[in-house]
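The structure appears right after this line, and notes come after that.
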Amino acid sequence: MRTLAPFNDDWLFCPGDVDARTPDSSFQVVTLPHTNIVLPHHNFDNAEYQFISTYRKRFRLPEARDGRRVYVDFDGAMIACEVFLNGQKVGENEGGYTPFSFDLTDHLNENGDNLLVVRLDSTERPDIPPYGGVVDYLTFGGIYRDVRLRYVEPVHIDKVFARAKDTLTENAVVEIDVTVKNQSAGLQKVWVWAVVSELVKFRGELTPATSRLFDGQVVELEAGSEQTITVSGLWEEPQLWTPEHPNLYEVEVRLTNQDSSQRMDTIFEKFGFREAVFRDDGFYLNGEKIKLRGLNRHQTYPYIGAAAPARLQRKDADIIKYELGCNIVRTSHYPQSPHFLDRCDEIGLLVFEEIPGWQHIGDQDWQGISLRDVRAMIERDRNHPSIVLWGVRINESMDNEAFYTATNALAHKLDPTRQTGGVRYFQSSQFLEDVFTFNDFSNSVQEPEHTPHLVTEFNGHMFPTKSWDQEERQLEHALRHARIQDKAAGMDNVTGAIGWCAFDYNTHREFGSGDRICYHGVSDIFRLPKFAAYFYESQLDPAVRPVLRPATFWTMGDRSEGGVNPLVIFSNCDEVEVFFGDERFGRFQPDRQEFPHLPHPPFQIWGLNLLWGGHKFDDLRVVGYVNGQAVIEQQIEADGVPRALVLEADDAELNADGADMTRLVFKIVDKYGNRLPYTNQVVSFEIEGPAELIGENPFALMGGQAALYVKAGREPGAVTVRATTPRLEAASVTINVK
Ligand code: GAL
C-alpha cells in the first residue's frame, strides 16, 4: 500500500554552496515551506535572494519499506536543484513552479541513517522560464512548498484524471483516466477500481456521503511499462459545482491483485460536476452565462517571499472571493500553490492558470522546459473544478507559431475538457488558442478583433497607487477599475475582465516605484484594502453581506481645491443616506448613468459644501438601505486625531508544526476604527510564547496600516503579541498554538 509521509520538518539550511566537509553546525534547522532569506517588505536589493544554497535532511525511514519504492516529492523549489541521497545523485530539476519527484529506493539505507542533500540554485537563470529577460516580479528562493516521502508498491497508480461528461443531463458520466506503472521485473496483471463519493460538510470537514463503486477493469503491464485506462460510470443528477454552491466529489482509485484479495494502492482526488465554456457571446458555467470579474494574483508575500504555508495560501483565495467580490482569479504568471487551488475549489472561485514566463521566449531548450511546465501544470491540476482555462502562451510574448502550436496541442491532449488562452497585449497577433486572452491597457475595453475574448489585465502600470497617496488619486484608481468593469460588463462579446492586480507585489528595479514594490494592487502588499478594493467588494451580492464604503478620508483640504466633491461611496445597497453630524444631507441612488452595467454602481454624490461657511464640518455618517431597510452604517471622524492602535490576528489558533502562520494586522485609527492614512508612527512589538514574529520590528507605518506574521513553533501554548506606539494605549492579541 501507499504511504505519504510529511517531510517538511528538521531540514538543515545553509545559505551557501557547501560540500560534505561543512559541518551541520554551520546550518540552521528549518521547517518547510522555507524562504532562503527573510527580507523587509520593501527597500531591498533584488539580488539579495539570488544565491546557491544547500539543504540537508538527515532521516531514517519513518516506516519499513516492505519491498516498496520510496520517492521524495517536492511541490516546488526555486529555481533549479540537484538532489543527492547518501552521496549519490538521484536527480535534478529546472523550474520553480511545478512539482518534481525522485526515486530514492536504490540508494536508501533502509535500516539506518540517510542524508538527502539539495543543492538549490535560486539565481535568475536565463536558461529557465521566466528568465532570460527582465521580469516584473520577484521569484525569491528556497524550498518554498511542501515535500513528502511517498512509498508505493512496484506496481502503483501514477496519475488520475477525473472528469465529468454530459454534466447537464440526468445521467452525467464520470470518466477517470488512471495511469498505472509497473516498476517490477515481471509482467503484472492488476485490477483498477474507482469509488466515487459526494462530499458534504460534516463538522467543518468535507466528508464522503453517498458513494458508488464503478465497474473495475483489468490491466496487463509488461515489466517497466505504464498504461492509462479509463474507468467510467453514471452519476444521476449530480450536485453541480457552482460559485454559490461549490459541491465537490471525490474519487478513490484502488489497485488490487487479480482476485481482489490484496489492495496494492489507493489514491484520492477531488473533482466536480460542472461545464465551463467560453463562447463568442460570453462565458457559460453549467449553461448559464456569467460575466467574469476578477483580479490577478502574484504568489509572493512581504518578508517571506513565496514561502507561505497552507493557511496563508487559503486566506488569499478567501480574500479574493469574499473581500474583493471576484468570481475569477488569474494565477499570473505561473502555476500557484496546491493549497490555494484547493481553496478555490472549496469556495467556488474560478481560476485561469498559466505557465511560467513573462514576455521573453528563450531558445529550444528553454522552450523544452516550458513544454514540460505545460505538462506538469495540467497533470497536477486538471482535477480542480475551479480551473476553467489553461494559459499556454508566455505572458505578453511575441508570436511563435511552432512553439505555441506545440503548447496548445499538448494542453488539448492532456486535457480535452478545457479551452486554452494565450495572454498578449496586442490584438493583431496569431490566435492559436481557443480564447483570446488580452491585456488591455487602453484605459477602456477595446472592441474585440477575436472572440471568445477575455480581458486578462488592465490598469496596473497605467495608474500605480499607494494607500497613502492623496485621496483623489486613490479615488481615481478605484473609479478606473469601476469604469472598465462596467464597460466589460456591458459588452456581449467580452467574457469579462481581470484587473491588474489584487495585491501590491515585490518587483525588480526595472519596475515599480524603485523601492522594489509595484503599487498596482487594489490592496496593498499586506492584502489590506485601498479604495479600489472597496469597489470590488461592493460588487458582492447584498445577500452575502451588505457593503458600504465611503471612499474618502473625510478631510477639508486633502483633495485639490479642497472639500470632498463628489463623495463617492462603494456599496451594494439600493440607497444611501448621508449625514454630517446631526445634519441630514440627503438620500441617494447609485450612479446608473455613468455605470449602467455594473451589478452595484458606485454612488457619486455632488453638492457637498464643506468649505467656508457651508455645511458644518462634522463626522460623516452614511446609512445603507436594502429593500427599504437600513442594513448597514459607517462613520468617519472629522477630527483626524489618532484614537487607538488596533492589533488583530486573522486566526485565533495555529498548528504547532513550525511553519504555520497567521497575519497580524495593525492600524492607527479614528474613533470609528478607520485607518488614518498619513500617520507614520513607529509601532514596536513584543512576543511571548512558542511562536516567532516575522517582519520589521519596529515598523514605521505607511498608510496607517500594515501587517506582520506570527509563525508557530513546534511547542503548543499561548502566544501573546503586544504592540506599542507613542501617545496611544498598547494593544495585544493572543493566539493559541495547538
Ligand atoms: C503587464 C504584465 C504584468 C504587469 C503589468 C503591470 O504588462 O503582464 O505582469 O507587469 O503589466 O501593469
Roughly how many nanometres apart are two label points built 7 Å out from the Cα toward the Cβ at ASP215 and ASP281? 4.1 nm
Across bins of 20 angstrom width beginning at 0, how are the C-alpha pair distances of the chain distributed, in whole percent? 16, 48, 31, 5, 0
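List, in the order given, every pair from LYS530/LYS667; LYS270/LYS291; LYS57/LYS181 whose Cα-Cα distance in the structure shown is over 18 Å.
Long pairs (Cα-Cα over 18 Å): LYS270/LYS291; LYS57/LYS181.
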Apply the Karplus curve 6.51 cos²θ - 1.76 cosθ + 1.60, θ = phi - 60°, to the phi angles in segment 591-599 and return the couplings in whole Hz, x for Gly and Pro. 7, 7, 5, 6, 10, x, 10, 6, x
What whole number of Å gives the distance from the Cα centroid of segment 537-616 to the Cα centroid of segment 84-132? 56 Å
Over segment 43-159: Kirkwood hydrodynamic radius from C-alpha pairwise inverse distances, Å: 15.5 Å
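Where in segment 231-268 are there GluC sites (Glu not before Pro) that are in a DSSP coil and have at most 10 other Cβ atoms within 10 angstrom of their Cβ?
Values: sites: GLU236, GLU244, GLU250, GLU252; in loops: GLU244.
The qualifying sites are GLU244.
At a threshold of 8 angstrom on Cα-Cα distance, excluding pairs fewer than six apart, so keeping six or more, what relative contact order does the chain reach in percent? Numbers along the way, then the final one.
Numbers: 1933 pairs, mean separation 68.3, N = 738.
It rounds to 9 percent for the chain.
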Tell me, what is a quarter of the convex hull surface for the C-alpha atoms of segment 374-517, in nm² with one decimal? 10.0 nm²
Run the simple label-point estimate for ALA730 and ALA402 please: 7 Å along Cα→C-beta, distance reported in nm. 6.8 nm
Please state, as a whole number in µm²/s, the translational diffusion coefficient that the Stokes-Einstein equation yields for segment 244-335 at 4 °C and 1.567 mPa s, with Rh defined as the Kirkwood radius across alpha carbon pairs. 77 µm²/s
Between GLU715 and ASP9, how many nm apart are label points set 7 Å from Cα along the C-beta direction? 1.6 nm
A correct Karplus calculation of ³J(HN,Hα) over segment 674-679, with 6.51 cos²θ - 1.76 cosθ + 1.60, θ = phi - 60°, whole Hz and x for Gly and Pro, returns 7, 5, 9, x, 9, 6
Please enumerate, by chain and number, the aspartates and glutamates with C-alpha under 17 Å from the C-alpha of LYS738, excluding those fewer than 8 residues away in the same chain. ASP9, ASP650, ASP651, GLU653, ASP657, ASP660, GLU688, GLU692, GLU715
So what J values fall out for segment 302-308 if you push phi through Karplus, 6.51 cos²θ - 1.76 cosθ + 1.60 with θ = phi - 60°, rounded to Hz, Gly and Pro as x? x, 6, 9, x, 9, 8, 9
Fully extended contour minus Cα-Cα distance, from SER25 to LEU168, at 0.36 nm per residue: 45.4 nm
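Kindly provide the Kirkwood hydrodynamic radius of segment 103-238 in Å, to one decimal, from all pairs of distinct alpha carbon atoms.
19.7 Å
Read-outs: derived from the displayed coordinates by stated rules, not from any lab. Here the structure is a predicted model, which means the values were calculated and not measured. Reconstructed Cβ throughout: ideal geometry from the backbone, glycine too, with neighbour counts over all protein chains shown.
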